[in-house]
Amino acid sequence: MARLLLDRGFMAVRPLAGGLDAWVEAGFDVEEVDLVGWREPA
Amino acid sequence: MNELVAALTRWGVPLVGANVLLEQLGLPIPAVPTLVLAGALAADGKLPLAGLLAVSVAASLAADTVWFLLGRRHGHRVLKTLCRLSLSPDSCVRQTESIFDRWGLWSLLVAKFVPGFSTVAPPLAGSGRVALAPFLAFSAVGASLWAGASLLLGALFHGAVDRILDSLSRLGSGALVLLVGAFVVFLAVKWEQRRRFFKELRMARIPPHELRGLLGSDAGPLVFDVRSSGAVQRDPRRIPGAVVIDVDRLDEFVAALPKDQEIVLYCT
């Protein structure tokens, strides 16, 4: 996925180390995904 | 080389079974060349075709069952471990989840033909709480198609396979060295690709505490949740403000973004 974005010319793409699991394990906040109306970029 | 063919003729069925079992358990020992060779020997009347097919399906099912049960017991952690060990880790989990989410158990019919998917699909099915009986039924059909196609290929082209074996026989023990050398080169190339990929990832990754700090700033990055839809439904949590991306519609999502936009993405 990071490669796809880099291939499209984006210069500052970084994967999150450990993914969502690492974020949760670090004790940081999460929120529920609205599965009906997923937010799109502005 | 003659000795190798003689051994395969004598021990063909258990050798094919062992090769299929080890490959399906995840070891990088391709079974298709062995199946094709065995198919050619079967066409020459030196091995029983039905026995080869039966042992291949049984070995494949045994390995699939092990992975299925591990997936059921340990969930997504098995997938992560498998993909960490995979020779193609960059395409492992996400692609597998996408295929399985889209096609469900039907994907098992072609799983053996898709590199990487074969070993990852069973634990994914297990972690998704698929019942064992339908899993085994679909896996058995998939294994029959895969092993049957390889054996049939060998049987159809047994003349060509025999000529290759004759050529290799003339090389004597050098043929074995050649085959082992080619296999070692194959493994080395894949391992180097894997090493480079992980090095690239280590260099570019952002740790959670750094992302959290950036999210609190004015010029924080855009965060993309790039998990498969099935993974999101299984765990509907996200990092606050993250955009859940459908990879098939990636271009729509990013079309309006400036190329210097900082983007952080995450899977499970």
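Viscosity 1.002 mPa s, temperature 20 °C: Stokes-Einstein D of the stretch B:103-214 from its Kirkwood Cα radius, in µm² per second? The estimated diffusion coefficient comes to 116 µm²/s. Modelled label positions at B:Glu252 and B:Arg77, each set 7 Å beyond Cα in the direction of Cβ, lie 3.8 nm from each other. The DSSP beta bridges internal to the protein assembly as shown are antiparallel in roughly 15% of cases.
Karplus-derived 3J(HN,Hα) values for the stretch B:140-154, using 6.51 cos²θ - 1.76 cosθ + 1.60 with θ = phi - 60°, are 5, 5, x, 5, 5, 4, 5, 5, x, 5, 5, 5, 5, 4, x Hz; glycine and proline are entered as x. Neighbouring Cβ atoms from other chains, within 10 Å of the Cβ of residues in B:208-214, number 5 on average. Pairs of Lys residues in chain B are counted when their Cα atoms are under 28 angstrom apart and they lie 8 or more places apart or on different chains; the count is 7.
Annotation for the stretch B:231-262: trypsin sites (Lys or Arg not before Pro) lying in DSSP loop with at most 13 further Cβ atoms inside 10 Å of their Cβ are B:Lys259. By the Kirkwood approach, averaging reciprocal distances over each pair of separate Cα atoms, the protein assembly as shown gets a hydrodynamic radius of 21.8 Å. One chain, two ends: B:Arg195 and B:Ala54. Fully extended at 0.36 nm per residue, the span grows by 47.0 nm beyond their Cα-Cα distance. Among B:Pro207, B:Pro134, B:Pro221, the largest mean-square fluctuation in a Gaussian network model of chain B (Cα springs under 10 Å) belongs to B:Pro207. The equivalent ellipsoid that matches the C-alpha gyration tensor of chain B spans semi-axes of 43, 22, 15 angstrom, in descending order. Rg ratio for the stretch B:208-266: its Cα radius of gyration over 2.2 N^0.38 Å, N being its residue count, equals 1.17.
Applying the criteria of a DSSP loop state and at most 13 other Cβ atoms within 10 Å to the trypsin sites (Lys or Arg not before Pro) of the stretch B:94-194 yields B:Arg129.
FYI, it's all coordinate maths here, none of it is from the lab. Here the structure is a predicted model, which means the values were calculated and not measured. Cβ sites come from the backbone with ideal geometry, for glycine too, and all protein chains shown count toward neighbours.
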